[in-house]
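Structure first, commentary second.
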């Protein structure tokens, strides 16, 4: 069953082009061309200005470029440190269509530095041997969303970054798109507390989504 979640999303790409005053360079370290299923790999790199100055405390998404065959997918989320560097881990899973991954890093951009993405690296997943009686569990929401919810609550990522992540889930059919979107993000502050409780396991995924649905049902959040 699809999760119904309606939020106010910013027109991200148009906003970046309007307000960006400088360019940014985003580097992603090379990834092995062959990776094994269920391994933990690390994505690392750096965000800088064209002259090499570090850009700290910016949200970086690790994504898979699906080459226009389907919407691109967020795999992980992280934030640059004081030196503009980032690092995050990801558990390798094969794609459901059996195709290779095309990993890249993405910076949504903002008022100071514009939207940018890194070089793309292609990698094939080597499948592990099937096991008998293996328990199959499927989470409705990807692991990175729980991490991102915690980061959003703690002020490490902006509302626009959190909204971008939600938009990606909508694009991939994990959450249901609203009929309309607004050019302004309006999310009540208390929702951040729910995001923190969800990330810490104090409330369930269903409860977190229902708290958003409550806003919709009571006209607190409008589209």
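The values are calculated or read from the model by the stated rules, or taken from the named source; none is laboratory data. Predicted model, so just to flag it, every value in this text is computed and none were measured. Here the Cβ is made from the backbone with ideal geometry for all residues, glycine too, and neighbour counts use every protein chain on show.
Here are a few things to note about the model shown:
- Single condition residue 35 does not satisfy, out of (1) within 30 Å of residue 191 (Cα to Cα); (2) surrounded by 15 or more Cβ atoms within 10 Å (Cβ to Cβ); (3) modelled with pLDDT of 50 or more: (1)
- Any hit, the range 67-74, residues being on the phi > 0 side of the Ramachandran plot, touching a residue at least 60 places away in the same chain (Cβ under 8 Å) and in contact with a helix residue (DSSP H, G or I) (Cβ under 9 Å, 6 or more places away or on another chain): no
- Residue count for the range 36-52 satisfying the condition of being under 20 Å from residue 144 (Cα atoms) and not in a strand (DSSP E or B): 3.
- Test for residue 142: is it modelled with pLDDT under 90 and in contact with a helix residue (DSSP H, G or I) (Cβ under 9 Å, 6 or more places away or on another chain): yes
- Of all the criteria given as (1) under 20 Å from residue 29 (Cβ atoms); (2) touching a residue at least 40 places away in the same chain (Cβ under 8 Å); (3) surrounded by 18 or more Cβ atoms within 10 Å (Cβ to Cβ), the one not satisfied by residue 89 is (3).
- Taking the criterion of being part of a loop (DSSP other than H, G, I, E, B) and modelled with pLDDT of 90 or more, the residues of the range 1-30 that qualify are 24, 29, 30.
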